[in-house]
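Student: Sharing a structure with you now.
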Amino acid sequence: MFTGLVEEIGQIKAIERGAKSIRLSISASKIMDDVKLGDSIATNGICLTVVSFDSAGFTADVMPETMNRTSFGTLGTGSKVNLERAVRVGDRLGGHMVSGHVDGLGEIVGQEKDDNAIWVSIAAPKNILKYVIEKGSIAIDGISLTVAYVDEKIFKVSIIPLTQYDTTLTSKKAGEKVNLECDMTAKYIEKFMFHREEEEKSEKSDISMDFLKENGFA
């Protein structure tokens, strides 16, 4: 689990490409202090497992499923990425609970300066937007942000100076893809409600007119 509070910006040193997968070598410094083999590191919001490391960075494998669902296919040598280590028990949770399992892709459609803040507008598909609510939380490339506006096609977030400097989001240009992870609470509620409705339908379907007649109710 992660909080969506980016610890540092890393850089892609090398990419080894398989038929459908890649192996990423990522330079980093701050997060390498206590890294161990098998640790989870959120990279642009995607939970990756450390398969090798040294003091200057780490290596992780990216499987085909992840390539299909995320923006990793657009990365190249030199690309900047947001990095966060997994939460430790007892840490302060300053952002929101983020799993590192991306729901889908959004597209940057514009940025607008507003005094010390920058508004970022992101287009997203309906299956993502249905979970996005005003003043709710969303992870964009692994950054925990508050939704300030949402309609049927886009949502907007307002970026404070610290987030502008410590993450890659405001360096994105219109048309670039970003990884989106919705608040998991909404997805659990939807799942629960769906199964509850299915159970109610099943229970109702067992009561027929013949059943009522046989039991003296009709």
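Student: Which residue is farthest from ASN82 (Cα to Cα), if the candidates are limited to the range 39-61 and must be touching a residue at least 60 places away in the same chain (Cβ under 8 Å) and part of a strand (DSSP E or B)?
Tutor: SER40
Student: Another question, then. Any residue at all in the range 85-99 that is more than 17 Å from LYS177 (Cβ to Cβ), in a strand (DSSP E or B) and open to solvent by less than 50 Å² (accessible area, probe 1.4 Å)?
Tutor: yes
Student: Give the residue that is nearest to MET67 (Cα to Cα), with candidates limited to residues of the range 5-21 that are free of Cβ contacts under 8 Å to residues at least 60 places away in the same chain and exposed (fewer than 14 other Cβ atoms within 10 Å of the Cβ).
Tutor: The selected residue is LYS20.
Student: Scan the range 75-99 residue by residue and report those that are modelled with pLDDT of 95 or more and among the β-branched types (Val, Ile, Thr).
Tutor: Selection gives THR77, VAL81.
Student: Suppose we keep only residues that are part of a strand (DSSP E or B) and under 17 Å from GLN111 (Cβ atoms) within the range 151-179. Which one would you say is nearest to the chain's Cα centre (by Cα)?
Tutor: Here the residue is VAL178.
Table: residues versus (1) under 17 Å from the mean Cα position of the chain (by Cα); (2) not β-branched (Val, Ile, Thr).
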{"site": "LEU5", "(1), (2)": "yes, yes"}
{"site": "ILE9", "(1), (2)": "yes, no"}
{"site": "ILE12", "(1), (2)": "no, no"}
{"site": "LYS20", "(1), (2)": "no, yes"}
{"site": "MET32", "(1), (2)": "no, yes"}
{"site": "LEU37", "(1), (2)": "no, yes"}
{"site": "ASP54", "(1), (2)": "no, yes"}
{"site": "THR66", "(1), (2)": "yes, no"}
{"site": "SER71", "(1), (2)": "yes, yes"}
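Student: Given the options PHE58, PHE72, PHE2, PHE53, name the one that is open to solvent by 50 Å² or more (accessible area, probe 1.4 Å) and aromatic (Phe, Trp, Tyr).
Tutor: Of the residues listed, the single one that is open to solvent by 50 Å² or more (accessible area, probe 1.4 Å) and aromatic (Phe, Trp, Tyr) is PHE53.
Student: How many residues are assigned to a helix (DSSP H, G or I) and either on the phi > 0 side of the Ramachandran plot or of a type outside the set (D, E, K, R) (or both) if we restrict to the range 118-146?
Tutor: Residues that pass the stated criteria total 3.
Student: Continuing with this model, one more query. Among the residues of the range 119-142, are any modelled with pLDDT of 95 or more, surrounded by fewer than 16 Cβ atoms within 10 Å (Cβ to Cβ), of a type in the set (Asp, Glu) and more than 29 Å from SER21 (Cβ to Cβ)?
Tutor: So far as the range 119-142 goes, yes, one or more of its residues are modelled with pLDDT of 95 or more, surrounded by fewer than 16 Cβ atoms within 10 Å (Cβ to Cβ), of a type in the set (Asp, Glu) and more than 29 Å from SER21 (Cβ to Cβ).
Student: On to the next question. Here's a check for you: in the range 22-38, which residue that is open to solvent by 40 Å² or more (accessible area, probe 1.4 Å) and part of a loop (DSSP other than H, G, I, E, B) is nearest to VAL102 (Cα to Cα)?
Tutor: Filtering first and then ranking leaves GLY38.
The values are calculated or read from the model by the stated rules, or taken from the named source; none is laboratory data. Nothing here was measured: the structure is a model prediction, and the numbers come from that model. Note: ideal-geometry Cβ built from the backbone for every residue, glycine included; neighbour counts use all protein chains shown. Quick note on the areas: whole protein, heavy atoms, side chains included, nothing else; ligands and nucleic acids left out. Shrake-Rupley method; radii C 1.70, N 1.55, O 1.52, S 1.80 Å.
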